[in-house]
Amino acid sequence: MCPHCGMRSQNEFSYGGDASVKRPELNKEISNQDWDNFVYNRKSLRGKHWELWQHISGCRQWIKVERDTATHEIFNTLKAYEEIL
Amino acid sequence: MQKYSIFNLVKNAFSNHQNWDLAWKDPTPKKEYDVVIIGGGGHGLATAYYLAKEHNITNVAIIEKGWIGGGNVGRNTTIIRSNYMHDDNALFSEFGMDLWRKMSQDLNYNVMFSPRGIINLAHSDAQMNVYARRGNSMRLNGIDAVLLNREQVREIIPMADFSENVRFPIFGGLMQPSAGTARHDAVAWGYARQADSMGVDIIQNCEVIGFDVSSGKINGVRTSRGDIKAKKIGLCVAGSTNILAEKLNMTLPIETHLLQACVSEPVKPVLDGVVTFGAGHFYISQSDKGEMVMGGDLDGYNSYAQRGNLPTLQHVLTEGIAMMPFLSKLKMLRTWGGIMDMSMDGSPIIDKTHIKGLYLNCGWCYGGFKATPASGWTFAHTIAQDRVHELNSGYSLNRFNTGHLLDEKGLGTKTWIS
C-alpha cells in the first residue's frame with residue numbers, strides 16, 4: 001500500500017533497507033563506530049521491521065513500510081518525511 | 001563405528017540391512033563441554049569434525065535448533081568452485097577444493113563430488129577482458145582457468161542461445177574445469193557421522209535462548225534443554241546470526257535475506273557442468289536425477305521466511321530462458337527458499353570477537369555450501385588455537401572498520417548494485 005497511490009502490486013516496489021538507520025549529523029565530530037553503525041552494521045531482526053521502499057514503477061516516491069520479516073505481512077506505511085511513531 | 005564398504009554391505013545384506021549402526025547418536029546434553037558449536041549445518045558439523053581430527057578436541061557439542069542438515073546445507077544448489085580473483089578468497093577456496101577432492105575417502109561417505117566444470121558466460125568484449133583478468137589471477141594462485149571463445153562455449157553447451165539478434169549474445173566464457181557439484185545432504189551426514197564417532201555430541205531440537213557472559217568472557221549458553229557451560233563457543237548459524245547477535249548485544253555488518261532456488265522436472269542428460277549467465281544473476285546445473293537445478297538473485301528485502309515470492313522467481317527464470325531457451329518448455333517441479341547471512345561486502349566473516357571465547361562464522365551470502373570444508377577447517381583452527389589462520393585472515397570482522405573490504409563482486413545485501 002503506497003501512501004501516495006493506494007494499493008499496488010508488489011512488483012512495483014523496490015527495497016531500500018532499514019528505515020531506522022540515521023545518518024550522523026553534519027559538521028560534528030563522528031567516531032569510527034558511529035560511521036560503522038550507519039554504513040554497515042544492522043540489527044536485521046526477525047519480526048516487525050521499519051523499512052524504506054521506493055515505489056519505483058509507480059510514483060517513484062520513497063516510503064516507509066512496517067513489515068514482518070518472518071511472515072512478510074505489512075502493517076503500516078508512511079510517507080518518507082513522516083516520523084516513525 | 002561400522003565402516004561403509006562393499007564387504008559390510010554384503011555382510012549386512014544377509015540380515016536385510018536391519019543391523020546397521022546408527023549413523024550418529026542422540027545424546028542428552030552434558031553440563032559442560034570444552035567447545036560448544038551453535039548450529040548443526042554444514043559449517044558447524046565440519047567445524048566439530050576438524051576440531052576432533054586436527055586438534056584432538058573431542059569434548060565438543062553441536063547444538064542445533066531443528067535437525068542437522070535442515071537449513072541451508074540442504075537448500076543450496078550444490079555448486080563447488082574456487083574461481084575467485086582476490087587472493088584471500090582464491091587461496092581459501094582452493095584449499096577447500098583439495099578437501100572436497102578427498103572428502104568421500106576422508107569421511108568414508110560418498111558425497112558424490114563431481115568435478116564437471118563451471119562456465120561463467122561473457123556477453124561483451126569488456127566482460128571478456130574482465131574474465132581474462134580474473135582467469136589470470138586464478139592461475140597465479142594455482143587454480144585452473146580457461147578462457148573460452150564463442151565457438152568453444154558452443155561446443156560445450158550447444159543448447160544455449162547462439163542465434164543472431166539476441167539481447168545478450170554469448171561472446172565467450174571463463175571456465176574452471178575442476179569446479180563441480182556434490183550431494184549436499186551427504187556432506188552434512190558424512191561430517192556428522194565422523195564427528196559423532198570421534199566423541200562429538202550432536203544435540204538436535206535444542207534452541208539457544210541466551211548466553212552467559214561476564215566481564216568480557218563467555219562462560220556458557222542457555223538452551224531449551226538446560227544450561228551448558230563452555231569456555232569456547234562458536235557461532236555457525238548462517239541466517240540466524242542476527243538473532244543470536246542481538247542476544248549478545250552485538251550489531252554485525254550482516255543482514256538476513258531470502259534466496260530462492262528451484263528444480264525442473266527430470267529430463268535426460270543435457271547439461272554436463274554448471275553454467276552462469278553473465279548479464280544477470282542466474283546459475284544452472286543438472287542433477288544426477290536429471291532435474292535442472294537453478295537459482296539467482298535474492299528476493300532483495302530482509303526476511304526470515306524460508307519461502308520466497310513469485311516475482312523474483314519469474315525474474316530469475318527470465319534470465320535462464322534468455323540464456324537457454326529450451327528451459328521455457330520444462331515444468332517446474334519444486335521451488336524453495338533459504339535465509340542467507342548477507343554481509344555488506346559479499347564476503348564471509350570467520351573471526352574472534354570482542355568477547356573472549358566467542359568465535360564468529362557468518363556472512364556466507366550466496367556461497368556457503370562450497371566453503372563448507374574450508375570454513376570448518378579454518379574455524380576449527382581459529383577456535384582451537386584462539387587465533388586466526390592465515391587462510392581466513394582476510395575474513396576479519398573489523399575489516400568493515402578499517403576499510404579492508406573484500407569486495408570480490410560487490411554482491412552484498414543490495415541486489416540492485418550488481
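Here, each number is a calculation from the coordinates, and none is a lab measurement. This is a predicted model, so every value here is computed, not measured. Counting neighbours? That spans all protein chains shown, and the Cβs are built from the backbone with ideal geometry, glycine included.
Quick rundown of the values:
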read-out: Inter-chain Cβ neighbour average for residues B:342-350, partner chain, 10 Å; value: 1
read-out: Region B:243-297 - convex hull of the alpha-carbon atoms, volume per residue in Å³; value: 125
read-out: Long pairs among A:64/B:247; B:65/B:356; A:22/A:79, criterion Cα-Cα beyond 18 Å; value: A:64/B:247; B:65/B:356
read-out: Convex hull per residue volume in Å³, alpha carbons only, for chain B; value: 144
read-out: Calculated [θ] (222 nm, deg cm²/dmol) that DSSP helices of n ≥ 4 give over chain A, each run adding -39,500 (n - 2.57); value: -2500 deg cm²/dmol
read-out: DSSP-loop chymotrypsin sites (Phe, Trp or Tyr not before Pro) across region A:32-85, with at most 12 other Cβ within 10 angstrom; value: A:81
read-out: Peptides ranked, highest mean first, by Cβ atoms within 10 Å: ranges B:51-61, A:18-28, B:264-274; value: B:51-61, B:264-274, A:18-28
read-out: Shielding by partners - mean other protein chain Cβ count within 10 Å, residues of A:11-19; value: 4
read-out: Solvent-free Debye scattering, log10 I(q)/I(0), computed from the Cα coordinates of region B:334-418 at q = 0.12, 0.19, 0.23, 0.24 Å⁻¹; value: -0.37, -0.86, -1.17, -1.24
read-out: Cβ crowding within 10 Å averaged over residues, with B:279-290, B:323-334, B:65-76, B:18-29 ranked highest first; value: B:65-76, B:279-290, B:323-334, B:18-29
read-out: Protection proxy ranking, peptides B:92-102, B:298-308, B:186-196, average beta carbon neighbours within 10 Å, highest first; value: B:186-196, B:298-308, B:92-102
read-out: Mean ellipticity per residue at 222 nm, deg cm²/dmol - from DSSP H runs of n ≥ 4 across chain B, formula -39500 (n - 2.57); value: -9000 deg cm²/dmol
read-out: Order of B:318, B:353, B:77, B:402 - criterion: other Cβ atoms within 10 Å of each residue's Cβ, fewest first; value: B:402, B:318, B:353, B:77
